[in-house]
Amino acid sequence: MTPASEIALDREPGAGAASRKPAGFREFSLRAVVCGLLVAAIMGASYPYVVLKLGFGPNVSVVAAFLGYLALGIVFKDYNRWENNLVQTAGTAAAQTAFMCVLLAAFDMLSANPRVSFHLALTPMQSFAWLTTAGLLGVFLAVPMRKHFVVDEHLTYAAGVAAGETLMVLDGHGAEAKMAARVLAIGCIASAAVMAMTEDAHLLNWFPSVMLIGTSVTMATGVGLNWSLLSVGSGMLVGARINASMLFGTVLGWIVAPYVLLHYGVLAATFNRNDVLFWVMWPATGMMVSGGLTALALRWSSLVKTFRNLSTARLDMDSGDFPLSWVLVGVAITGTALVVVQKISLGLDVWMTVAAIIFSVPLMLVGLRVLGETNWGPISPLSNMMQGVFGLIAPGQVLANMLASGTTGTIATESEALMQDYKAGDMIGSLPKSSPLCN
């Protein structure tokens, strides 16, 4: 049987779905904008709670698409998937920006630590200016990569696939659409029930994770099972090869490595999870970054072709991408704005912001590839990598270190959200030229 991810990837980008789009139809409408703002407000307000409670930020493109259906489909009889795609894009962007609440939490923890000289309490306006400029910069930097990652390489972007299928199911007709909607509803209910029983009711916690293997190492590192159908669904989409690779890394890093480190006296007998994390995180981050950059280097000809096509793009009926000149202007404006905000509002030297932006670009590309293959956005490892870089070029400057990592994290999270949205749009025949700027 062919995996779902391969079925999605074998399909010609934008083909099939695009032919069903009414001729001359404008996706950008007043009602789509209003509903998008409403959904974005809901997602942005609720996502920090989800992130701080769970410890990670699950992709919410499907949730935003469903909320868009409730806002558009129930009120308007001529609702369609293309308008809903605009709504879910707004909701996803708001949620990903709200993900950076983890950075503000880190600021508070550092300020409360008497051993660290760090005192920074951002006002709402400072946070808005910082996240807006850095987030928009991440969007502009990611725009040219749609052609490379989504169209040319056909990376899975499982959450984008799920969002695209949801858009089509909610706008579908006939027996096949009803069956797909029924299966989607069953999956949603089952996943919500498992999450509720695990996180709130604790009914599934009768089987502690450490009992899975029952050794001192697994008890110290917390290795075990995570009761989440979200991970099961993601694994079904990304395929066996990536799942097997990630499972091997988990066993190697959290079961084998602690035994080796304990045997050679690197870890004390009373070690805990944080002790192992120090020895696992940096090698894993290094392998992830070098592997991602190597993959890009091996496909340099494809990258060159992508940028050459963009440099000669025209906004006509045959062009689906923004011209590279538009991207460069956007990067220049948002990059300059970020430099100004961090200098005037946060007190960071200009050269440090410029360095953070430059170093963030390759890290962003690595993050986009990792997300496309695994459906896991490595925001924290990329931010940690930037902290390591600034530990070398600006030693002892905690403020610069944290702001640089925040810049990388914001650029990465917005670029990853955009690529998921591009994947969903590609499935339903929506192209960047359908945006209001191009209509």
Odd one out for Leu252 among (1) closer than 30 Å to Leu365 by Cβ; (2) surrounded by fewer than 13 Cβ atoms within 10 Å (Cβ to Cβ); (3) modelled with pLDDT of 80 or more: (2)
Going through segment 29-84 in order, the residues found to be within 23 Å of Thr132 (Cβ to Cβ), polar (S, T, N, Q) and in contact with a helix residue (DSSP H, G or I) (Cβ under 6 Å, 6 or more places away or on another chain) are Asn59, Ser61
Looking at segment 201-223, is at least one residue at pLDDT below 85 and of a type in the set (Phe, Trp, Tyr)? yes
Would you confirm whether any residue within segment 146-157 is acidic (Asp, Glu), in contact with a Phe, Trp or Tyr (Cβ under 9 Å, 6 or more places away or on another chain) and more than 30 Å from Gln342 (Cβ to Cβ)? no
Any hit, segment 37-55, residues being at pLDDT below 85, assigned to a loop (DSSP other than H, G, I, E, B) and either of a type in the set (Gly, Ala, Ser) or surrounded by fewer than 21 Cβ atoms within 10 Å (Cβ to Cβ) (or both): yes
Is at least one residue of segment 167-174 in contact (Cβ under 8 Å) with a residue 40 or more places away in the chain and over 20 Å from Ser61 (Cα atoms)? no
Pull up segment 381-430, narrow it to residues that are free of Cβ contacts under 8 Å to residues at least 12 places away in the same chain and in a helix (DSSP H, G or I), then point me to the one that is surrounded by the fewest Cβ atoms within 10 Å (Cβ to Cβ). Leu392
Ala32 at pLDDT below 75 and either under 19 Å from Ala94 (Cβ atoms) or buried (at least 18 other Cβ atoms within 10 Å of the Cβ) (or both): no
Thr92 fails exactly one of (1) at pLDDT below 85; (2) within 25 Å of Glu153 (Cβ to Cβ); (3) β-branched (Val, Ile, Thr), namely (1)
Filtering segment 344-359 down to residues that are in contact (Cβ under 8 Å) with a residue 24 or more places away in the chain and either in contact with a Gly (Cβ under 8 Å, 6 or more places away or on another chain) or hydrophobic (A, V, I, L, M, F, W, C) (or both) yields Leu346, Leu348, Met352, Ala355, Ala356, Ile357, Phe359
Top-ranked residue in segment 151-195 [being among the β-branched types (Val, Ile, Thr), surrounded by 14 or more Cβ atoms within 10 Å (Cβ to Cβ) and in a helix (DSSP H, G or I); ranked as modelled with the lowest pLDDT]: Val194
Out of the residues in segment 69-80 meeting the condition of being of a type in the set (A, V, I, L, M, F, W, C) and crowded, with 18+ Cβ neighbours inside 10 Å, tell me which one is farthest from Met427 (Cα to Cα). Ala71
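The values are calculated or read from the model by the stated rules, or taken from the named source; none is laboratory data. If you're wondering where the values come from, they're calculated on a predicted model, not measured in any experiment. When we count neighbours, we look across all protein chains shown, and the Cβ atoms used for this are built from the backbone with ideal geometry, even at glycine.
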